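All remarks here apply to the structure that follows.
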Amino acid sequence: MSMRTAVVAAMVALVCAGCAAVKPQPVTQPQIPTIVPPTTISRIPQMVDRPIPDDCELVVPVEVFHQKLGRELPGELKTIIGIPEPSLGRTGKIDCYYAVPERQPLGAAQVVIGLAAYTDEPTAAARVTESVDLERKEGATVREVDVGKKKGQFVSTKDERLVIGSLGKTTYVARAKAGVLPDDAIAGFLAALAQQSMTPIEGA
């Protein structure tokens, strides 16, 4: 082998050795960012020991009343604001009379919803117990009913159906004349009104 041939062979060997030393790098795929849509939190209004409103549209709006009833009743909504009764521990009261016929007294209302606030929670609970016991003594039947996530008392008398209960320092009662709805539907209707009466109106 000539000297020139030997030099060329040595250079080729060095170049090939360099090729063997260089390892191919893996191709990295670009990361595609994951787009996560924003989470929408829907807040459902809850029953609370609310302050007594001064407007029955803030207790149960007429539109909501008709929705829960399933039909519209003729007549007016009338509001009576009660006065504090220190001897009873009562600090405020509102009564809402729904579907009062024109030029008729409040007693002609088909449905009445009342809220009353008391000095403390035991006083409010005691007022409910006293009212239910009185109705029972006069011949009414009484059973427990769900009012939202709470419990109330469904009272059935000869002429009326009532759902009554308390939440914190506030008592509620929803009453309807017999016949406003069939007996198998009236308890749920009154419980829904009671629940709404203790649920603040959004944006009000």
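Can you run phi through the Karplus equation (6.51, -1.76, 1.60; θ = phi - 60°) for the stretch 92-104 and list ³J(HN,Hα) in whole Hz, with x for Gly and Pro?
Values per residue, Gly and Pro as x: x, 7, 9, 10, 10, 10, 9, 6, 7, x, 4, 6, 10 Hz.
Could you run the Karplus curve 6.51 cos²θ - 1.76 cosθ + 1.60 with θ = phi - 60° over the stretch 123-135 and give me ³J(HN,Hα) per residue in whole Hz, x for Gly and Pro?
Along the stretch 123-135, the couplings run 5, 5, 5, 5, 5, 5, 4, 4, 5, 5, 4, 5, 5 Hz.
Enumerate by residue number the trypsin sites (Lys or Arg not before Pro) in the stretch 64-153 meeting two conditions: DSSP loop (anything except H, G, I, E, B), and at most 16 other Cβ atoms within 10 Å of the site's Cβ.
Here the trypsin sites (Lys or Arg not before Pro) that fit, given the DSSP loop and packing criteria, are ARG71, ARG103, LYS149.
For the stretch 56-197, what is the charge dipole size about the Cα centre, in debye to the nearest 20, if Lys and Arg each add +1 at the Cβ and Asp and Glu each add -1 at the Cβ?
Magnitude of the dipole: close to 120 debye.
Which listed residue (GLY89, GLN104, THR79) has the Cα farthest towards the positive end of the charge dipole for the stretch 63-105, taking +1 on Lys and Arg C-beta and -1 on Asp and Glu C-beta about the Cα centre?
Going by the Cα projections, it comes out as GLY89.
Residue by residue, what Karplus-based ³J(HN,Hα) values in Hz, rounded to whole numbers, does the stretch 170-180 have, using 6.51, -1.76 and 1.60 with θ = phi - 60° and x for Gly and Pro?
Running phi through 6.51 cos²θ - 1.76 cosθ + 1.60 with θ = phi - 60° gives 10, 9, 9, 8, 10, 10, 9, 5, 4, x, 4 Hz.
Mind scanning LYS68/LYS93; LYS78/LYS177; LYS68/LYS149; LYS149/LYS169; LYS137/LYS169; LYS68/LYS177 and naming the pairs with a C-alpha gap bigger than 21 Å?
Details: LYS68/LYS93 24 Å; LYS78/LYS177 16 Å; LYS68/LYS149 18 Å; LYS149/LYS169 17 Å; LYS137/LYS169 25 Å; LYS68/LYS177 16 Å.
With Cα atoms farther than 21 Å apart: LYS68/LYS93; LYS137/LYS169.
Just so you know, all these numbers are worked out from the coordinates, no wet-lab data involved. Here the structure is a predicted model, which is why all the values come from computation and not from measurement. Virtual Cβ from ideal backbone geometry, glycine too; neighbours counted across all protein chains shown.
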